[in-house]
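My structure is below; once you've seen it, I'll send some questions.
Only the coordinates and a few stated rules stand behind these numbers; no lab work does. Just so it is clear, the structure is predicted and the values come from calculations on it, not from any experiment. Because the Cβ atoms are built from the backbone with ideal geometry, glycine has one as well, and the counts that use them run over all protein chains shown.
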Amino acid sequence: MDINLQAKCPSMQGLPEDSKDVKEFNHTVHAKEYLKGNSSFSSVQYDGNFTCAACHPGTISQDKISMEPVCDRLFGVLVAAGGPKNLKKYYHEACLGCHKNMHKAGKTTGPVKCKGCHTK
C-alpha cells in the first residue's frame, strides 16, 4: 500500500513536499495482527474488535471508510491536527508513537527507526 498522500490527493493545499517514501505497508496484516488488542499503546483509543479506528480516527464502520472519499477524510483529520502542513508530525505521532510504546513494553511492533519505514 502506498501512503503517498501528496500523489493521492494533489488538490489538498498545504501539504509538505513528499521527501521520504514509506516502504511496503501491508494494511491487512497491520489491522488484523498488530493492532488487535493493543489499543493502550495508541494515541487514538479504539475498540480491539474494530481496529480501523486506530489509524482512521472518527470512523465507526469499515463501510464508512470505503464510502467517504479518502482525501476528504484525511483533510478533516489533518485540519484537526493543525492543518495539512503537519502531515509528518501527525503520522509520526500516530504510527511511530504506537510502535515505540509497544517496543518499550516488549511487544512485537512495527519499525521504530527511520529506515524501517522510509526508503529515502
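Scan the helices (runs of 4 or more DSSP H) fully inside the range 61-120 and keep the ones with 3 or more residues being of a type in the set (A, V, I, L, M, F, W, C) and either closer than 15 Å to Asn38 by Cβ or out of contact with any strand residue (DSSP E or B) (no Cβ under 7 Å at 6 or more places or on another chain) (or both).
Passing ranges, in order: 70-80.
Using beta carbons and a limit of 9 Å, which pairs, at least six apart or on different chains, have the first residue in the range 25-53 and of a type in the set (Asp, Glu) and the second one surrounded by 15 or more Cβ atoms within 10 Å (Cβ to Cβ)?
Taking only residues 6 or more apart or on different chains, the pairs are Asp47/Ser39; Asp47/Ala53.
Results for (1) within 17 Å of Thr28 (Cα to Cα); (2) buried (at least 18 other Cβ atoms within 10 Å of the Cβ); (3) touching a Leu at 6+ places or on another chain (Cβ under 7 Å), shown as yes or no for each residue.
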residue: Ser61; (1), (2), (3): yes, no, no
residue: Glu68; (1), (2), (3): no, no, no
residue: Phe75; (1), (2), (3): no, yes, no
residue: Ala80; (1), (2), (3): no, no, no
residue: Cys95; (1), (2), (3): yes, yes, no
residue: Ala105; (1), (2), (3): no, no, no
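Among residues belonging to the range 107-117 that are within 21 Å of Ala31 (Cβ to Cβ) and of a type outside the set (Lys, Arg), point out the one that is surrounded by the fewest Cβ atoms within 10 Å (Cβ to Cβ).
Thr108
If you go through the range 85-98 one residue at a time, do you hit one that is of a type outside the set (Val, Ile, Thr) and over 23 Å from Leu15 (Cβ atoms)?
no
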